Amino acid sequence: MVTTPVTKLTFEEYLTYDDGSGFHYELVDGRLELMNPPTIEHFLIVEFLATLFKAEIQRLSLPWLTFRETGTRTGRNKSRLTDLCVVSRTRRKNQTM
């Protein structure tokens, strides 16, 4: 059984949270929300898109990177896990992921 903390977490606390279960969580208004595992179709679509993005980034020699399941801050105490994210190399150097 997975338990999540009753107290609300800050974004900074969320960044270091690990309950040892191996499950992935999103932070919503300070509360941890357990993420459902993706279906095989979902995984295949993300793989297809990642392959296309990487090929275009390379073909156009763009200074961009692709990441999967990256935490993205969407509010003061909110963070979502992206399926796929494209960021500039400059932005990546200025962020902690």
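The values are calculated or read from the model by the stated rules, or taken from the named source; none is laboratory data. Every value quoted in this text rests on a predicted model; they were computed, and no experiment measured them. So basically every Cβ, Gly included, is an ideal-geometry build from the backbone, and we count neighbours across all protein chains shown.
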The stretch 48-65, subset touching a residue at least 12 places away in the same chain (Cβ under 8 Å) and in a helix (DSSP H, G or I), residue nearest to Arg89 (Cα to Cα): Ile57
Odd one out for Ile45, checked against (1) part of a loop (DSSP other than H, G, I, E, B); (2) out of contact with any Lys or Arg (no Cβ under 7 Å at 6 or more places or on another chain): (1)
Filter result for Leu27 (within 13 Å of the chain's Cα centre (by Cα) and touching a residue at least 12 places away in the same chain (Cβ under 8 Å)): yes
Unmet requirement for Asp19, which otherwise passes all of (1) more than 16 Å from the chain's Cα centre (by Cα); (2) assigned to a helix (DSSP H, G or I); (3) loosely packed, with under 13 Cβ neighbours inside 10 Å: (2)
Checklist (1) under 25 Å from Leu9 (Cα atoms); (2) surrounded by 11 or more Cβ atoms within 10 Å (Cβ to Cβ); (3) in contact (Cβ under 8 Å) with a residue 24 or more places away in the chain applied to Thr82, failing item: (3)
Residue within the stretch 43-56 that is surrounded by 14 or more Cβ atoms within 10 Å (Cβ to Cβ) and in contact with an Asp or Glu (Cβ under 7 Å, 6 or more places away or on another chain) present: yes
Filter pass, Leu34 being in contact (Cβ under 8 Å) with a residue 12 or more places away in the chain and either out of contact with any His (no Cβ under 6 Å at 6 or more places or on another chain) or within 12 Å of Leu81 (Cα to Cα) (or both): yes
Top-ranked residue in the stretch 54-87 [being at pLDDT below 90 and polar (S, T, N, Q); ranked as nearest to the chain's Cα centre (by Cα)]: Thr70
Residue that is surrounded by the fewest Cβ atoms within 10 Å (Cβ to Cβ), among those in the stretch 61-79 that are within 15 Å of Tyr14 (Cβ to Cβ) and not polar (S, T, N, Q): Arg76
